[in-house]
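Just so it is clear, none of the values below were taken in a lab; they were calculated from the coordinates. Since the model is a prediction, treat every value here as computed from it, not as a measurement. Cβ: placed from backbone, ideal geometry, glycine included. Neighbour counts: every protein chain shown.
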Amino acid sequence: MNAMNDLLTKMSSLQWSSTSVGFVVGVSSVTMTHHSRSRVCSRTNTSDTRKSTIRLLSSKVNQTTISKETTPISRIPSELISAIQEPAARSILENIHYISVDMNGTDLLTSYVDLSSSNTDPNLPPLIFLPGFDSSVLEFRRLAPLLQKTCKHRIILLDLIGLGFTERKLMKGVLDYGPNGKRLHIMNFIDALFEKNKDQKVILCGGSLGGSSAIDFTLENPDRVSKLILIDAQGFIDGNGSRFLFSPLDKLGAMVLKSVWLRNIANKIAYFDKKKYATLDAMNIGRLHCFCEFWEECTLEFIKSGGYKLSKYISQIDVPTLLLWGQQDEILSINYLDQFEKELCHLKENNQLEAHRIEKCGHVPHLEQSQYTADAILNFLTSQ
């Protein structure tokens, strides 16, 4: 295992996969150069038919009905969906919605899960969860239902462009799968979902590279974010671009990212309690979105884009922030939490910063210590 960690670290330094690695449920930390800112297979006997396995809901947006038979997830081999065993994962799959989001004049079918309940207060800003690199909304399968029980904020799980079960299209010059495209996608998704309130503020929660996306959006659109929640977030490892990524090594790299053996290894290093959580089913769940059309090409587009470079700008975050970190994180060390606290000292001085070191927990507190994570988030939402 140590040898594999060393190999993956070297791969990160070469910017081949640009990862600090953590692929269980796709939780990774892609860290590459960003533009400068102007601001200082397990199987069950379940039926193989898709309709009995997954019950996607149609979304009506701008008078256009999206048929579930035409969505990206409907094209995933049914036996792969049937193989998923965890009830929480199956529940999320059954509640995936699609909404058409305008991206530079092109409609993009965007997958999301809306967990509104009788507790939801429409006057409060919605809580939007962003998965990490090469991940999906399934990453929040254990956390979201716990929050749904008592949280008064509308809970939304969102697959950003190039991630999860959101549509992928090969349209160079139109669709951007890098940070700029992800930032635009967040904004346009919010505007599409809340079309009656174009100034809708939100609370963003991101895990690992999803934390990078949340930070990036917050820095560029501080007037649209009321609070920020970061879970083992990538913010301080800035890369050097994709100079080693060229054909045919790029496609070979994508094949490796999708491979069972690498996913299984990364599955294990993502958790503290590997025996309990690093299961074959967890690996299958984390790999499911890789079978969406154009996954390989669009994953490479993100890697080639230059990715996020945020370390110089963390101190500019100026909204109440919650930091959650697994004490035994093998992917992004607990030391990064100290760095966040140092850079956000101005928030701490104004009692706008909370930080939690979560014991017996690796890179994914929302999966490994979901109850603790839910309690911390609920307390933050009501105390700030």
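When the square roots of the Cα gyration tensor eigenvalues are ordered a ≥ b ≥ c, the ratio a/c for region 315-384 is 1.5 or more and a/b does not exceed b/c, which makes its shape oblate.
If we sort 363-371, 333-341, 316-324 on the protection proxy, mean other Cβ atoms within 10 Å, highest first, what's the order? Kindly include the intermediate steps, with their values, before the conclusion.
Details: 363-371: 24.6, 333-341: 16.1, 316-324: 21.3.
Listed from highest to lowest mean packing, they are 363-371, 316-324, 333-341.
Within the straight-line cut-off of under 16 Å between alpha carbons, the aspartates and glutamates reachable from LYS348 are ASP318, ASP338, sequence neighbours fewer than 8 places apart in one chain being disregarded. Average 1/r across all pairs of distinct alpha carbons in region 72-382, invert it, and you get the Kirkwood radius: 19.6 Å.
What is the packing order of peptides 121-134, 144-157, taking the mean over residues of other C-beta atoms within 10 Å and listing the highest first?
Details: 121-134: 21.6, 144-157: 19.7.
My ranking of the peptides, most packed first, is 121-134, 144-157.
For region 160-200, the relative contact order is 29 percent, taking Cα pairs closer than 8 Å that sit 6 or more residues apart in sequence and dividing their mean separation by the residue count.
Which pairs in the list LYS275/LYS360; LYS276/LYS304; LYS169/LYS258; LYS196/LYS227; LYS152/LYS201; LYS149/LYS275 are over 24 Å apart, alpha-carbon to alpha-carbon?
On the way: LYS275/LYS360 13 Å; LYS276/LYS304 36 Å; LYS169/LYS258 19 Å; LYS196/LYS227 22 Å; LYS152/LYS201 15 Å; LYS149/LYS275 29 Å.
With Cα atoms farther than 24 Å apart: LYS276/LYS304; LYS149/LYS275.
Phi angles across region 355-362 convert, under the Karplus curve 6.51 cos²θ - 1.76 cosθ + 1.60 with θ = phi - 60°, into 3J(HN,Hα) values of 9, 10, 9, 9, 6, 6, 8, x Hz, Gly and Pro given as x. For MET103, the amide hydrogen comes within under 5 Å of the amide hydrogens of LEU108, counting only partners 5 or more places away or on other chains and with H modelled in the peptide plane.
Spin-label pair GLU195-THR150: with each label point 7 Å from Cα along the Cα-Cβ axis, the two points sit 3.7 nm from one another. Using a Debye calculation, one point per C-alpha and no hydration shell, please list log10 I(q)/I(0) for region 271-327 at q = 0.12, 0.29 Å⁻¹ in order. For region 271-327 at q = 0.12, 0.29 Å⁻¹, log10 I(q)/I(0) is -0.62, -1.08.
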